[in-house]
Amino acid sequence: MEDKSRLTNSESGGEKKVPFEKAPPLRPFNADLAMRVAEDTQKLTQGKLSEPDYYHKYHDAYVKEFGIDARPVLSSDTIGKASSDSILTGHMSRRTLLKLGGVALASAAGARLLGGRALGAAANLGGNSSGFPLKENGEQAEGAKRVQMGMVIDLENCDGCLSCVYACSNHNFNSAGVLWLYILAFKDENREGNNFLVRICQHCANPPCVKVCPVRARHKRDKDGLVLTDYNLCIGCRYCMVTCPYGVNYFQWGEPERANYYHPKLTDYRGRWVIGNPPKGVMGKCTFCPDRQDDGRGNVVCALTCPHNVLHFGDINDPNSEPMRYLAAKQKEKGGNLSTFRLLENQGTKPSIIYIGHQPTRSAKAVDGPVSYADWGLVEKRLDVLQGPKPWFSKAFGGTQ
Amino acid sequence: MRARSRVETRVDQILRPLGNPTIKYYLTVAIAGAGLLWFLLAWAWQLKYGLIVTGLGDWGTTGGVPWGIYIGSFIWWVGISHGGILISAGVRLFKLKVFYPVARLAELLTVGALTIAGLFIIIDLGRPDRVVVSVIRNYVLTIQTSPLAWDLTVITLYFIMTATYLLLTIRHDIYVLRRRLPARFAPVYQLLTNGYSPEEDEKVSRMAWWLAFAVVLLAPFLLHGGVIPWLFQLIASMPAWYSAIQAPTFLSIALTSAFGSVIIISYIFRRLYGWEELIPDKAFRRMGSVLALVGLFFLWLQLQAIMTGAFAAPVGVRTATEAKMEDPIYWTAIGLVIAAVLYLGAQTIWPALFSMKRVVLVSIIPVVATLFEKTLFIVEGLANPLFDIYKAVPGHYIPTWVEISSIIGGVSMLALWFAVISKVLPIIEVEAEHEGQEE
């Protein structure tokens, strides 16, 4: 019941009812705190409360409740700097603000999961008992300690609302039709209704794009296994796009349509420009928001936005991380009959996204989802808008190209 | 004395292009220059606005194809560059006297075509300005895994080897002909023959032999039967590419286009400078026969690919093969090569069918057909990825004027290269055994 009240609040972000039974409580927690935080989050989105105040207000309560507070709790001297980093600036449309209100809500609600304390239920996860794919003998010992940020994506909860797609696109100021996160609706034989596939960069443990890059612009960050593109190094050969089996890369064919106006060249903790919209002639793709990993927020915008508890972001090599605990809990709930998969696993890429739900079969056909990309002001097929300027001589030939 | 006058005539003939330019020459340079200028304008346009001015797009949700004419042209030009050096190496290693007269022309073609091929990689890049710094910066790492880094390496190596080969063999000729070469290029000759003494000939000849030997091994094993097809055949996400047969297929296509080009260029020079004696019909007949052979090899490998892809292949491979088989451009290219192989094969067996004009006309066919085939290979491959669940897959690609201009630009560059080099250097070798009499 406690959980229900929390999620009812998240519905105030204008989203549909959540099939809540699918998200079991992972541990008892302070429901009052969640309620108060949720109310203040609404104030935050309405502008009645400043972001630093908001974070400060519950800092002690968070520490008491969870042991740590992983949110960007700011000291007074960093407030000025951080406010420019805020996702809540005056430049945004009301609609964006509403969406991001959802982000903040989910953030507050999800923060409880960032405590990192071991749970009995999940402690035995790992080894080969989980039935997860991709357990390779030689790599267990080493791989178990290595941090690999990834996701557990619960496709059973997805209703194709595209909130995450919209949030990602706007957060990264991507050009029209650049869908780092894409929801693919499909019909499959013997399966009723729409199925969804959340197609995102798989941040593979064995990424072919990194392998083929002739300049190591595409690289795997040691700290957390993010697969990133160094926008200062990339020569724009597009070999990474060619070799990626998932089709997650989007090249900046012309000048970027939108600039990231707070941080035109947002760098990660190593000082490398790997975040946000790439410049002209350079490759881009989902980054897993490295700035948010570096400053301790430890979350990604799409997962924060999702109103349906679909995207669970965290270290998939750590059985105590939120996504793995979610997976374990769900597995327990289903009595071991949970269908999970990793996308195109036989390509040997070792993807870091674990899907809950049914993998599209070869006969799966992409269909229009319940919410269209146009409804969100997004472009689904980029080729339709990918038009260069008309050449200077076009007038001489009647003005049409 | 008879021999002496024959040699004189031969040298006179060799020196014909080095005389004062004619109107025709200026006209050729003007047309090729205009073609190059047009392309440079198109490229400037692309540099200004980005690759958005091409017909390319991302594969996946976008519905595009990320590589097109530029990469197709790149492979095509590298392929053409093989013919030259292999003919030349054949002359040196296997004493194929019949190709002797066209050996240097072929070497020049190699150097020119390889340069143009390299340029096409640069044109294809989104940030060509970074290529040197970025590649060098992480080269130690990338060379271990990136087929594109292998490509850059082997092409550079190949360029150095062929250029060295050309330089080594040309020093002797410049020295021998030094009094008859146009005085205005004296500094060039001085530079090229720097430190030359006739005693080095024997040593140089041995060096050239080993270089030719290395090139003969390098081309099939490492270049067109190696790193160039590996760019594609190692990519498991594109079923049309992912096949061990790519390397021999690429090599067969390279040789087909290469021999075709050598025939065309040799014919143009023979026609322009009345070199019927220097490059006899026999040379063309033989080159035509070789072209028939490599063309047949090419067709045979196409048959293998289609049989494997169409019979009971995994779905991805079958989809890609079906897409290829439904494409009229593919069948046009294949049909043209079949026609060329039939004629060239027939004239090998039945000499009465041979005529210079026919052989040359028929040689143009595989050269053009391979450009189509190569571009189609790239585009069809990328349009039909393994992960084809997207609505926008298969992707579409319609080249724009910028990309088509690049083909004109490449051909113009080669024409200019030959126009310039033929005015400066003797483009047919002076036979070594006559050198004593020549003086």
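General observations
- Inside the range B:310-329, residues that are in a helix (DSSP H, G or I) and free of Cβ contacts under 8 Å to residues at least 40 places away in the same chain make up a count of 6.
- Among all residues of the range A:254-275, there is none that is touching a residue at least 40 places away in the same chain (Cβ under 8 Å) and in contact with a Cys (Cβ under 6 Å, 6 or more places away or on another chain).
- Among the residues here, residue A:209 does not qualify as modelled with pLDDT of 95 or more and part of a loop (DSSP other than H, G, I, E, B).
- If the condition is being without any contact (Cβ under 8 Å) to a residue 60 or more places away in the chain and either outside any helix (DSSP H, G or I) or among the charged types (D, E, K, R) (or both), then the range B:22-55 contributes B:22, B:48.
Residues are listed down the side, and each one gets a yes or a no for (1) over 16 Å from the mean Cα position of the chain (by Cα); (2) assigned by TED's automatic domain parsing to the domain that holds residue A:228; (3) within 24 Å of residue A:162 (Cα to Cα):
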| position | (1), (2), (3) |
| --- | --- |
| A:298 | no, yes, yes |
| A:306 | no, yes, yes |
| A:309 | no, yes, yes |
| A:313 | no, yes, yes |
| A:319 | yes, yes, no |
| A:327 | yes, yes, yes |
| A:332 | yes, yes, no |
| A:336 | yes, yes, no |
| A:339 | yes, yes, yes |
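- Within the range B:11-28, the residues that satisfy the criterion of being buried (at least 18 other Cβ atoms within 10 Å of the Cβ) and closer than 15 Å to residue B:417 by Cβ are B:17, B:28.
- Residue within the range B:281-294 that is part of a helix (DSSP H, G or I), surrounded by fewer than 19 Cβ atoms within 10 Å (Cβ to Cβ), in contact with a Lys or Arg (Cβ under 6 Å, 6 or more places away or on another chain) and not hydroxyl-bearing (Ser, Thr, Tyr) present: no
Yes or no, residue by residue, for (1) within 14 Å of chain A (Cβ to nearest Cβ); (2) free of Cβ contacts under 8 Å to residues at least 24 places away in the same chain; (3) over 24 Å from the mean Cα position of the chain (by Cα); (4) closer than 17 Å to residue B:78 by Cα:
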position: B:197; (1), (2), (3), (4): no, yes, yes, no
position: B:212; (1), (2), (3), (4): no, no, no, no
position: B:222; (1), (2), (3), (4): no, no, no, yes
position: B:234; (1), (2), (3), (4): yes, no, no, no
position: B:238; (1), (2), (3), (4): yes, no, yes, no
position: B:245; (1), (2), (3), (4): no, no, no, no
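- Verdict on residue B:57 being surrounded by fewer than 20 Cβ atoms within 10 Å (Cβ to Cβ), modelled with pLDDT of 90 or more and in contact with a helix residue (DSSP H, G or I) (Cβ under 7 Å, 6 or more places away or on another chain): no
- Per-region count, the range A:218-269, residues surrounded by 19 or more Cβ atoms within 10 Å (Cβ to Cβ), more than 7 Å from chain B (Cβ to nearest Cβ) and small (Gly, Ala, Ser): 1
- Residue match in the range A:160-174 (condition: within 14 Å of chain B (Cβ to nearest Cβ), in contact with a Lys or Arg (Cβ under 9 Å, 6 or more places away or on another chain) and either touching a residue at least 12 places away in the same chain (Cβ under 8 Å) or surrounded by fewer than 24 Cβ atoms within 10 Å (Cβ to Cβ) (or both)): yes
- All of (1) small (Gly, Ala, Ser); (2) within 14 Å of chain A (Cβ to nearest Cβ); (3) farther than 30 Å from residue B:214 by Cα hold for residue B:72 with one exception: (3).
- Residue that is nearest to the chain's Cα centre (by Cα), among those in the range A:344-401 that are within 26 Å of residue A:331 (Cα to Cα) and among the hydrophobic types (A, V, I, L, M, F, W, C): A:353
- Summed over the range B:143-169, the residues that are surrounded by fewer than 18 Cβ atoms within 10 Å (Cβ to Cβ) and either on the phi > 0 side of the Ramachandran plot or in contact with a Phe, Trp or Tyr (Cβ under 8 Å, 6 or more places away or on another chain) (or both) give a count of 1.
- When residues of the range A:175-204 are limited to those that are more than 9 Å from every other protein chain (Cβ to nearest Cβ), among the small types (Gly, Ala, Ser) and in a loop (DSSP other than H, G, I, E, B), the one surrounded by the fewest Cβ atoms within 10 Å (Cβ to Cβ): A:176
- Pairs with Cβ under 9 Å, 6+ apart, first in the range B:330-354 and under 20 Å from residue B:280 (Cα atoms), second part of a loop (DSSP other than H, G, I, E, B) and aromatic (Phe, Trp, Tyr): B:347/B:354; B:348/B:354
- Among residues that are modelled with pLDDT under 95, among the basic types (Lys, Arg) and not in a helix (DSSP H, G or I), residue B:184 is not included.
- Scanning the range A:205-217 for residues that are facing chain B (nearest Cβ under 10 Å) and aliphatic (A, V, I, L, M) turns up A:210, A:212, A:215, A:217.
- Among the residues of the range B:56-97, those identified as closer than 19 Å to residue B:395 by Cβ and either without any contact (Cβ under 8 Å) to a residue 40 or more places away in the chain or in a helix (DSSP H, G or I) (or both) are B:58, B:69, B:70, B:71, B:72.
- Residue list for the range B:171-229, filter: within 30 Å of residue B:378 (Cβ to Cβ) and of a type outside the set (A, V, I, L, M): B:220, B:221, B:224, B:225, B:226, B:229
- Of all residues in the range B:104-160 being outside any helix (DSSP H, G or I) and small (Gly, Ala, Ser), the one that is farthest from the other protein chains (Cβ to nearest Cβ): B:146
- Annotation note: of A:351, A:360, A:323, the sole residue that is under 16 Å from residue A:151 (Cβ atoms), in the same structural domain as residue A:194 (by TED's automatic domain parsing) and part of a loop (DSSP other than H, G, I, E, B) is A:351.
- Only one of the numbered conditions (1) in contact (Cβ under 8 Å) with a residue 60 or more places away in the chain; (2) assigned to a loop (DSSP other than H, G, I, E, B); (3) not small (Gly, Ala, Ser) is violated by residue A:228, and that is (2).
- Count of the range B:338-350 residues, restricted to those that are touching a helix residue (DSSP H, G or I) at 6+ places or on another chain (Cβ under 6 Å) and under 21 Å from residue B:308 (Cα atoms), is 0.
- Residue match in the range A:378-387 (condition: among the basic types (Lys, Arg), within 14 Å of another protein chain (Cβ to nearest Cβ), assigned to a loop (DSSP other than H, G, I, E, B) and closer than 26 Å to residue B:57 by Cβ): yes
- Residue list for the range A:202-230, filter: under 15 Å from residue A:292 (Cβ atoms) and in contact with a helix residue (DSSP H, G or I) (Cβ under 9 Å, 6 or more places away or on another chain): A:221, A:223, A:224, A:226, A:228
The values are calculated or read from the model by the stated rules, or taken from the named source; none is laboratory data. Here the structure is a predicted model, which is why all the values come from computation and not from measurement. Note: ideal-geometry Cβ built from the backbone for every residue, glycine included; neighbour counts use all protein chains shown.
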